[in-house]
Amino acid sequence: MSRCPECMGAGGTNLKKCSQCGGTGQITKAQRTILGSFAQTVICPNCKGHGEVPENICRKCGGTGTSRQTKDIKVKIPAGVNDGSSIRVAGGGEVGEDGEGDLYLRIKVKPAKEFNREGQDIFSEKEISFSQAALGDRVKIETVDGSIDLNIPAGTASHTQFRLRGKGVPYPNNPRQRGDHLVTIKIRVPKKLSREEREMLEKLKNINP
Ligand SMILES: [Zn+2]
Ligand SMILES: [Zn+2]
């Protein structure tokens, strides 16, 4: 329920002082019980506590001041939110007698194929050939900021982990501070070899058995 766009929530035009409560928004009711008479102050049912009622009732909302509406809103997602985080959108909820409520968004993060997240750290894998591992090379690593170059030193073993400092997830309460990105190197062993490759590897095997 939103504020009626026709009357802006007033319920109509030409507001007049409520005759039932005299503009105070409250009425006093006498209650008779077996213990005696009590005076009880309640919100005026005629003006709902506003003290004024429109002379010309809004045709769109029938004087309630609210109407059912569907609207699209843009919500800024802060960097570093995680699965299950809540984001409060002030004034995005229902309009009631006490004004606008808030909207709470529960965030679900879609898993990524190439990245895993643990806390503020990001994990990924990079496959390299065994000649790249043996001789060293410069390879491209995909990060959430785009691709960067990583130096693979000669003689890198499979499952070696490289830490890319500050390339992880920002901390929500301090976005300038970020976790790290850890890349695990996997050495690709070819399943099919050409005759030439086979000959070269056989030679290598004989030199360094
Ligand atoms: Zn009233
Ligand atoms: Zn209206």
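FYI, it's all coordinate maths here, none of it is from the lab. All values reported here derive from a predicted model rather than from experimental measurement. When we count neighbours, we look across all protein chains shown, and the Cβ atoms used for this are built from the backbone with ideal geometry, even at glycine.
Brief remarks on what is shown
- For a straight C-alpha distance cut-off of 24 angstrom, the lysines reachable from Lys48 (same-chain residues fewer than eight places away being disregarded) are Lys16, Lys17, Lys29, Lys60.
- Leading residue at positive end of dipole, the chain (Cβ point charges), from Gly101, Asn208, Ser194: Ser194
- Residues whose amide H falls under 5 Å from that of Gly49, counting only those 5 or more places apart or on a different chain, are Cys44, with hydrogens built in the peptide plane.
- Residues whose placed amide H lies under 5 Å from that of Leu15, excluding near-sequence neighbours: Glu55
- Compactness of segment 145-184 - radius of gyration and Dmax, Cα, Å: 12.7, 41
- When the listed pairs Lys126/Lys167; Lys113/Lys192; Lys74/Lys110; Lys140/Lys191; Lys113/Lys191; Lys113/Lys167 are checked against a 21 Å cut-off, the alpha-carbon distance exceeds it for Lys113/Lys192; Lys140/Lys191; Lys113/Lys191.
- Taking Cα centre as origin and charging only the Cβ of basic (Lys, Arg, +1) and acidic (Asp, Glu, -1) residues, the dipole magnitude of the chain rounds to 200 debye.
- ³J(HN,Hα), Karplus 6.51/-1.76/1.60, whole Hz, each residue of segment 191-206, x for Gly, Pro: 7, 10, 10, 6, 4, 4, 4, 4, 4, 5, 6, 4, 4, 4, 5, 6
- Packing rank of 32-44, 55-67, where each peptide gets the mean count of other beta carbons within 10 Å, highest leading: 55-67, 32-44
- Cα-projected label distance for Arg59 with Ser86, points at 7 Å along beta-carbon direction, nm: 4.3
- Amide H to amide H, with H built 1.01 Å from N, Thr66 comes under 5 Å of Cys4, counting only residues 5 or more places away or on other chains.
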